[in-house]
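To start, the structure under review is shown below, and the notes come after it.
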Amino acid sequence: MQTAAAQRAGETPPRRKKWTVAGILALFELPFNDLLYRAQQVHRAHFDANSVQRSTLLSVKTGGCSEDCGYCSQAARHHTGLERESLMEIDEVVAAARVARDKGASRFCMGAAWRGPKDGDLERVAAMIGAVKALGLETCATLGMLKEGQAEQLKTAGLDYYNHNLDTAPEFYGNIVTSHSQADRFDTLRKVRAAGIRVCCGGIVGMGETRADRAGLLAELANLEPPPESVPINNLVPVPGTPLENAAPIDPFEFVRTIAAARIAMPASLVRLSAGRQQMSDELQALCFLAGANSIFYGDKLLTTGNPEAGRDERLFERLGLTAV
Ligand code: SAM
Ligand code: DTB
Ligand code: SF4
């Protein structure tokens with residue numbers, strides 16, 4: 001934020017210090033307790049440490065995607081047995097959003113398995129966004145890469161957040177996706193920002209990347225100007241039929257370290273403990289909250305895979321004294 005004096009003087013604000021990969025790697029290499037202590041200090045300086053935001057996801061268009069993202073159940077070329085579904089009707093989406101709101105979600109995120117939306121489809125999605133917003137929910141959409149003018153259309157419809165992940169470090173990206181480049185993803189992020197929509201952008205760990213790659217992903221995210229308001233950290237859900245079905249799971253403590261490093265590098269962002277929660281114990285999730293995670297996906301399904309049911313999350317929040325915001 002530019003100071004009033006600087007604004008009057010017509011100065012450009014000082015640029016934030018850039019994070020280096022080495023700087024983030026050094027965080028990962030701290031003793032676990034030191035890393036968590038630092039993350040807690042940063043967390044408490046920026047947020048109420050006991051509040052967790054909850055978003056509910058809905059896949060509004062499922063499967064049959066032209067892209068080849070190696071982790072994804074929805075790529076047409078991966079034989080995952082997933083049933084394709086065309087773009088949902090507005091009424092059905094609104095009904096699901098109402099249920100999510102009544103269960104306590106504050107944001108509703110609509111996902112579509114597209115390389116990017118066609119203009120005709122975008123019109124229906126825009127109507128969905130308006131209708132979901134009218135329920136009093138924050139709106140988020142994840143629709144793939146956007147063309148000129150599409151982000152503005154979404155903004156006009158009432159979209160608060162656009163999710164588009166960098167997924168992994170630039171050096172590792174080509175091992176996971178070949179049908180588009182990470183540069184294409186940066187381009188969509190720029191369009192989203194320029195349209196005045198808040199950015200939700202993160203990645204996945206557990207895809208066979210190195211610790212340096214995890215640090216590289218976080219450095220790219222933290223150096224976005226400004227950093228994403230919301231940073232989903234997904235733990236790979238290995239889906240049978242995808243190239244990553246047999247990826248070796250990462251050490252749970254390494255996952256916690258990733259959350260802590262994200263918290264330190266992006267102090268003012270919501271860090272979202274995202275995919276992979278269903279496979280995590282309550283104790284591991286508690287460590288993630290201690291490391292600075294302060295948002296989750298809430299509801300028994302992510303897009304196509306499972307998520308803890310709301311009751312389990314309610315009990316966990318109660319046991320940990322967490323409040324939903
Ligand atoms: N097609 C759009 C896109 O690619 O941006 C939106 C949907 S895509 C499924 C949203 C994000 O979900 C991906 O960028 C990825 O980070 C995450 N994701 C997808 N499949 C996953 C899996 N099996 N495990 C963990 N995260 C996953
Ligand atoms: C994000 O980073 N994670 C969410 C949301 N953004 C769209 C999606 C996770 C998907 C997990 C696999 C699935 O359910 O298909
Ligand atoms: Fe899956 Fe999105 Fe990649 Fe399509 S573009 S394969 S939906 S992650």
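The values are calculated or read from the model by the stated rules, or taken from the named source; none is laboratory data. What you are looking at is a predicted structure, and each value in this text was computed from that prediction instead of being measured. Using ideal geometry, Cβ is built from the backbone for each residue, glycine included, and neighbour counts are taken over all protein chains shown. For accessibility, only protein heavy atoms count, side chains too; no ligands or nucleic acids. Shrake-Rupley method; radii C 1.70, N 1.55, O 1.52, S 1.80 Å.
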*If Lys and Arg each add +1 and Asp and Glu each add -1, what is the summed charge of the other residues whose beta carbon sits under 12 Å from the beta carbon of MET266?*
+1
_Solvent-free Debye scattering, log10 I(q)/I(0), computed from the Cα coordinates of region 28-95 at q = 0.29 Å⁻¹_ = -1.25
_What does the C-alpha gyration tensor say about the overall shape of region 275-325? Classify as rounded when a/c is under 1.5, otherwise prolate if a/b is larger than b/c, or oblate._
prolate
*3J(HN,Hα) from dihedral phi, region 131-141, Karplus parametrisation 6.51/-1.76/1.60, rounded to Hz, x for glycine, proline*: 5, 5, 5, 5, 7, x, 9, 6, 10, 9, 9
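Could you work out the per residue convex hull volume over the alpha carbons of region 147-269, in cubic angstrom?
On the way: hull volume 13.9 nm³, N = 123.
Dividing the Cα hull volume of region 147-269 by its residues yields 113 Å³.
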*Once you've got the GNM for the chain with C-alpha springs shorter than 10 Å, pick whichever of CYS65, CYS200, CYS109 has the biggest mean-square fluctuation.*
CYS65
*How far apart, in nm, are two points set 7 Å out from the Cα along the Cα-to-Cβ line at GLU89 and at GLU314?*
3.0 nm
*Label-point separation, GLU254 to GLU152 (7 Å along Cα→Cβ), nm*: 4.5 nm
*Can you list residues whose amide H is under 5 Å from SER59's amide H, if they're 5+ apart or on another chain and H is modeled 1.01 Å from N?*
GLY111
*asked:* For the ranges 134-142, 255-263, 202-210, what's the packing order if you count other beta-carbon atoms within 10 Å of each residue, average per peptide, and put the highest first?
replied: 255-263, 202-210, 134-142
_Give me the percent relative contact order of the chain, please, defined on Cα pairs under 8 angstrom at least 6 residues apart._
23 percent
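Roughly what % of DSSP beta bridges within the chain run antiparallel, to the nearest 5?
Percentage antiparallel, nearest 5: 5.
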_Partnerless cysteines, meaning none of the other Cys C-beta atoms lie under 4.7 Å away, in the chain_ = CYS65, CYS200, CYS201, CYS288
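What ranking, highest mean first, results for peptides 295-303, 123-131, 314-322, 145-153 when packing means the other Cβ atoms within 10 Å averaged over each residue? Please report the intermediate quantities before stating the final value.
Details: 295-303: 21.8, 123-131: 19.2, 314-322: 13.6, 145-153: 16.7.
Going by the mean number of other Cβ atoms within 10 Å, highest first, we get 295-303, 123-131, 145-153, 314-322.
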*Given only helices, namely DSSP H runs of n ≥ 4 each adding -39500 (n - 2.57), what is the per-residue ellipticity at 222 nm of the chain, to the nearest 500 deg cm²/dmol?*
-12000 deg cm²/dmol
_Residue-count net charge about PHE289 - beta-carbon cut-off 14 Å; Lys, Arg +1, Asp, Glu -1_ = +1
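Take the solvent-accessible surface of the protein heavy atoms, probe 1.4 Å, and return the percent of it on region 231-308 that carbon and sulfur atoms account for.
Values: 1500 of 2510 Å².
Percent of accessible area from carbon and sulfur atoms in region 231-308: 60.
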*Spin-label point model (7 Å from Cα, Cβ direction): what's the ALA212 to ARG16 distance in nm?*
2.6 nm
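Determine the alpha carbon to alpha carbon distance for each of LYS17/LYS147; LYS118/LYS191; LYS133/LYS155 and list only those over 21 Å. Display every interim value, and only then the final one.
Numbers: LYS17/LYS147 31 Å; LYS118/LYS191 16 Å; LYS133/LYS155 12 Å.
Where the Cα-Cα span goes over 21 Å, the pairs concerned are LYS17/LYS147.
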*List every residue whose amide H lies under 5 Å from the amide H of SER295, counting only residues 5 or more places away in sequence or on a different chain, with H placed 1.01 Å from N in the peptide plane.*
GLN53, VAL271, LEU273
*Once the convex hull of the C-alpha atoms of the chain is built, how many Å³ does it hold per residue, rounded to a whole number?*
136 Å³
